[in-house]
Amino acid sequence: MPAVLFISVLLIAACGLIYELIAGTLASYLLGDSVFQFSTVIGSYLFAMGLGSGLSRCFQRGLVARFVSIELMVGLAGGFSSSILFLAFAYTPGFRLILYLMVILIGVLVGLEIPLLMRILKGRFLFRDLVAHVLTFDYLGALGASLLFPILLVPKLGLVRSALLFGVINAAVALWSTFLFRDQLGSPHALRAMCGAVLVTLCLGMLGAERITAAADTNLYADEVIFSRQTRYQRIVLTKWKDDLRLFLSSHLQFSSRDEYRYHEALVHPGLAAVPAARRVLVLGGGDGLALREILKYANVERVTLVDLDPEMTRLFSENPFLVQLNGGSLRSSRVQVINADAFPWLESSRDMFDFITVDFPDPTSYSLGKLYTTAFYRLLARHLSAQGMAVVQSTSPLFARQSYWCIVETLKQSGLRTYPYHVYVPSFGEWGFVLAGQRPYEPPSQLPEGLRFLSAQNLGSLFEFPKDMLPVPAEPNRLNNQVLVRYYEQDWSDIAR
């Protein structure tokens, strides 16, 4: 009996933490700025748990029945939390309000659980043993949940099914509590019927999880969603309308197949064509293989190393027939080595040198991405450049995120690199910016590979000319300890939204 009781504590602790992690993850995916979202979600959740613990004093009688009812409410609220938040983001303008109301509701209910359970058990154990055992299993449950969430739950089940699964666990704890504490219940039949109803509801939710996410996706994206997958690192969505295929990562557009050639030709050729006889190339990010497609147009390039964090991205773009056609099968090339790793530690451990480096990360919407735009990262990058080598960094829009763009330029300068900013118009994005960087002077190449659709030696020089509304503005360099770029980026794009 004691073992079963303390396993209950472990499970309800795991459930409580999972709901908190899901809320924080969803908020960071959908709203960006992961540090702010996780900080406010965790703070609100802990406050609500404290409130729930205080409210537990109001329950004087029928503690077991109260505990079972609360477990069922936690199971329903927590189990459907992810579904509700996805649908709220897609269909209502009040996502933030609903997010924090859900966090506070679940936090209050979770805060009630342990105090009530301790009061139910107080006659069975010495107080000191009761506190020690309950807290031990509570912390063990939290540890288990924190490990399962990123390693197994998110990549295998996704956020919607993960929440529903742990809702089922809460309801199961409620059901077996009616048997464990039947001596403290008058007639448990009504409670058991309620447990059964909640379990059936949550199981039906599990079966309909795909429909829930599909309904949210349908309203979030203007075009037909042909693929969606929640990975350990991001949510990948592909949409299609006629011949236009679009990739979204965590709700942010990455490319449109109608005009991505403009972006990728501008990303690769101004720099690579200016490096004589480049043999070894590094691509950081770019798991879609589109930058690779451009790089492989150079016969002198012998080896390309692509480092992308998410194996689901590189797998998708090397196996899906539509995507393989789009990237020309670049990820399958014998000249390409694909490594799934975080670029920062990979650069720290690698000793390889490269003649050209393409840095094609998503925009710095969060601190986890912002670290890849810091002086520390660029100094590390410079150590892998050959003497005549060049690097290019995708650098967001110099028109819509002007201060962010020039912050990246300044950060590269502060890293000891010469910088050569340029921009290109991509219809799906508007004006988009890049920065070439290296240790040597740069001269635009007089010859480019054949078969390009947009870029030519004649129009290349114009990319380095900036009109008045995109000229440099004052900006601090982005450093690991302050990540000013993330704040610039949020401010720039919020100004546009107004």
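The values are calculated or read from the model by the stated rules, or taken from the named source; none is laboratory data. Treat the numbers as computed from the prediction; the structure is a model and nothing was measured. Cβ placement follows ideal geometry from the backbone for every residue including glycine, while neighbour counts extend to all protein chains displayed.
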>> Checking residue 219 against (1) touching a Phe, Trp or Tyr at 6+ places or on another chain (Cβ under 9 Å); (2) under 20 Å from residue 4 (Cβ atoms); (3) of a type outside the set (Gly, Ala, Ser), only one condition comes out false. Which one?
In response: (2)
>> Checking the conditions here, which among 296, 290 is buried (at least 24 other Cβ atoms within 10 Å of the Cβ) and at pLDDT 95 or above?
In response: 290
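I'd like to know if the stretch 190-199 contains one or more residues that are in contact with a Lys or Arg (Cβ under 7 Å, 6 or more places away or on another chain) and either of a type in the set (D, E, K, R) or assigned to a helix (DSSP H, G or I) (or both).
no
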> Only one of (1) under 28 Å from residue 350 (Cα atoms); (2) among the small types (Gly, Ala, Ser); (3) buried (at least 17 other Cβ atoms within 10 Å of the Cβ) fails for residue 250. Which number is that?
Replying inline: (1)
>> Just to be sure I understand, how many residues within the stretch 8-65 are without any contact (Cβ under 8 Å) to a residue 40 or more places away in the chain and outside any helix (DSSP H, G or I)?
In response: 3
> Is it true that some residue in the stretch 364-381 is surrounded by fewer than 17 Cβ atoms within 10 Å (Cβ to Cβ), part of a loop (DSSP other than H, G, I, E, B) and not β-branched (Val, Ile, Thr)?
Replying inline: no
> So which residues in the stretch 474-498 are part of a loop (DSSP other than H, G, I, E, B) and surrounded by 12 or more Cβ atoms within 10 Å (Cβ to Cβ), if there are any at all?
Replying inline: 475, 476, 477, 478, 479, 480, 482, 483
>> Looking at the stretch 393-449 only, could you name the residues that are in contact (Cβ under 8 Å) with a residue 40 or more places away in the chain, surrounded by fewer than 22 Cβ atoms within 10 Å (Cβ to Cβ), over 17 Å from residue 374 (Cα atoms) and among the hydroxyl-bearing types (Ser, Thr, Tyr)?
In response: 425, 428, 442
> Which of the residues that make up the stretch 207-221 are surrounded by fewer than 16 Cβ atoms within 10 Å (Cβ to Cβ) and assigned to a helix (DSSP H, G or I)?
Replying inline: 207, 210, 211, 214, 218, 219
> Can you tell me how many residues in the stretch 145-177 are under 17 Å from residue 6 (Cα atoms) and modelled with pLDDT under 90?
Replying inline: 3
>> Here are the criteria: (1) of a type in the set (S, T, N, Q); (2) buried (at least 17 other Cβ atoms within 10 Å of the Cβ); (3) more than 16 Å from residue 202 (Cβ to Cβ). Tell me which single one residue 92 does not satisfy.
In response: (2)
